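Heads up, the thing below is written out as C-alpha cells.
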Amino acid sequence: MPVLDVEKDLDRTTMTVVAEFAAPVERVWALYADPRQLERHWGPPGWPATFLEHDLVPGGASHYVMSGPDGERSHGVWRVLAVDEPRSFVLEDAFADERGVADEQMGWTRMAATFTATADGTRLVFVTTFRSVEQLQQMLDMGMEEGVKLAMAQIDGLLAEDGAAV
C-alpha cells in the first residue's frame with residue numbers, strides 16, 4: 001500500500017498523509033491534474049468519483065460527485081488557491097449540493113499537496129487543515145482516514161496499467 005503514514009494533530013487541527021509511488025513526479029501529478037485520471041482514484045473502492053468540473057489552476061474550481069453502492073451521492077467542491085506544477089497545489093474543499101454550492105455549515109478544509117522526487121519515484125504529502133477539532137473529528141468519524149488510504153491504494157494499479165512505474 002502506498003500510504004506510509006497518517007498523522008492527526010489535534011492541536012494544529014491537521015491530518016497529514018504521506019504516500020510513495022514508483023513513478024516520476026510528473027506522472028503522479030497527472031493523476032491529480034487530469035479529471036479522468038483523478039476520478040479513477042479520488043473516491044475509495046465502492047464510492048467512485050465523477051468530476052463534473054476540474055480546473056487545477058490558481059483561481060480554478062472543481063465540482064465532483066462520489067456515488068455509493070446503494071445509489072447515495074455525495075457532492076464536493078474545490079477552490080484552487082495555488083499551483084506550482086508539478087510540485088504542489090493548495091485548495092479548499094467542501095461538501096456541496098448537486099449544483100456545486102458549498103455546504104457552509106459543514107465548512108471548508110484546506111488541502112496542501114506536495115510532490116517530491118525520491119530515488120524510487122515520488123513522495124506525496126497531503127496536509128489537510130480543518131477549521132476546528134470538532135470538524136476534524138467529524139471527518140474522522142465519517143471514515144476520512146480509511147477512505148484516503150483506500151483511495152490512494154488504487155494509484156499503484158493505475159500506474160502499472162500504463163507502465164509508468166520507475
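Give me the helices (runs of 4 or more DSSP H) completely within segment 110-166, filtered to those with at least 3 residues that are more than 16 Å from the chain's Cα centre (by Cα) and not polar (S, T, N, Q), ordered by residue number.
Once the helices (runs of 4 or more DSSP H) in segment 110-166 are filtered for at least 3 residues that are more than 16 Å from the chain's Cα centre (by Cα) and not polar (S, T, N, Q), what remains is 133-141, 155-161.
Would you mention how many residues in segment 53-111 are more than 22 Å from D34 (Cα to Cα), hydrophobic (A, V, I, L, M, F, W, C) and exposed (fewer than 13 other Cβ atoms within 10 Å of the Cβ)?
1
Hey, could you check segment 38-56 for residues that are more than 12 Å from the chain's Cα centre (by Cα) and not in a strand (DSSP E or B) and say which is nearest to A113 (Cα to Cα)?
Per the stated criteria, the residue is L56.
With at pLDDT 95 or above, acidic (D, E), touching a strand residue (DSSP E or B) at 6+ places or on another chain (Cβ under 7 Å) and more than 21 Å from L124 (Cα to Cα) as the only criterion, which of D97, D93 stands out?
On inspection, the qualifying residue turns out to be D97.
Checking Y32 against (1) of a type in the set (S, T, Y); (2) assigned to a strand (DSSP E or B); (3) over 20 Å from M142 (Cβ atoms), which single condition isn't satisfied?
Going through (1) of a type in the set (S, T, Y); (2) assigned to a strand (DSSP E or B); (3) over 20 Å from M142 (Cβ atoms) one by one, Y32 breaks only (2).
Restricting attention to segment 100-115, report how many residues are touching a helix residue (DSSP H, G or I) at 6+ places or on another chain (Cβ under 6 Å), at pLDDT 95 or above and of a type in the set (G, A, S). Let's see the steps before the verdict.
Quick first cut of segment 100-115, residues touching a helix residue (DSSP H, G or I) at 6+ places or on another chain (Cβ under 6 Å) only: 107, 115.
Pick out the ones that are also at pLDDT 95 or above and you get 115.
Those still in the list that are of a type in the set (G, A, S) too: none.
Of the residues in that region, 0 qualify.
Hey, could you check segment 17-29 for residues that are out of contact with any Phe, Trp or Tyr (no Cβ under 6 Å at 6 or more places or on another chain) and part of a helix (DSSP H, G or I) and say which is surrounded by the fewest Cβ atoms within 10 Å (Cβ to Cβ)?
It comes out as E26.
Filter segment 100-109 for residues that are of a type outside the set (V, I, T) and part of a loop (DSSP other than H, G, I, E, B); which is nearest to V18 (Cα to Cα)? Steps first, please.
Step one: filter segment 100-109 for residues of a type outside the set (V, I, T), giving 100, 102-108.
Subset that is part of a loop (DSSP other than H, G, I, E, B): 100, 103-108.
Numbers: G100: 29, D103: 28, E104: 28, Q105: 29, M106: 25, G107: 24, W108: 22 Å.
Restricting to residues being of a type outside the set (V, I, T) and part of a loop (DSSP other than H, G, I, E, B), the top hit is W108.
Give all pairs with beta carbons closer than 6 Å in which a residue from segment 28-46 that is closer than 15 Å to P2 by Cβ meets a residue that is of a type in the set (S, T, Y) and modelled with pLDDT of 95 or more; count only pairs at least 6 apart in sequence or on separate chains.
These pairs meet every condition: V28/T122.
For residues that are touching a residue at least 40 places away in the same chain (Cβ under 8 Å) and part of a loop (DSSP other than H, G, I, E, B), scanning just segment 2-16, find the one that is surrounded by the fewest Cβ atoms within 10 Å (Cβ to Cβ).
Among residues in segment 2-16 that are touching a residue at least 40 places away in the same chain (Cβ under 8 Å) and part of a loop (DSSP other than H, G, I, E, B), the one surrounded by the fewest Cβ atoms within 10 Å (Cβ to Cβ) is L10.
Here is a list: V83, V77, V125. Which entry is under 21 Å from L10 (Cα atoms) and among the aliphatic types (A, V, I, L, M)?
One residue alone meets the criteria, V125.
Tell me which of these T118 doesn't satisfy, since it passes every other one: (1) under 18 Å from T16 (Cβ atoms); (2) at pLDDT 95 or above; (3) surrounded by 15 or more Cβ atoms within 10 Å (Cβ to Cβ).
So T118 meets the others, but not (3).
Tell me which of these D70 doesn't satisfy, since it passes every other one: (1) at pLDDT below 95; (2) outside any loop (DSSP other than H, G, I, E, B); (3) among the charged types (D, E, K, R).
Just one mismatch for D70, condition (2).
The values are calculated or read from the model by the stated rules, or taken from the named source; none is laboratory data. Just so it is clear, the structure is predicted and the values come from calculations on it, not from any experiment. When we count neighbours, we look across all protein chains shown, and the Cβ atoms used for this are built from the backbone with ideal geometry, even at glycine.
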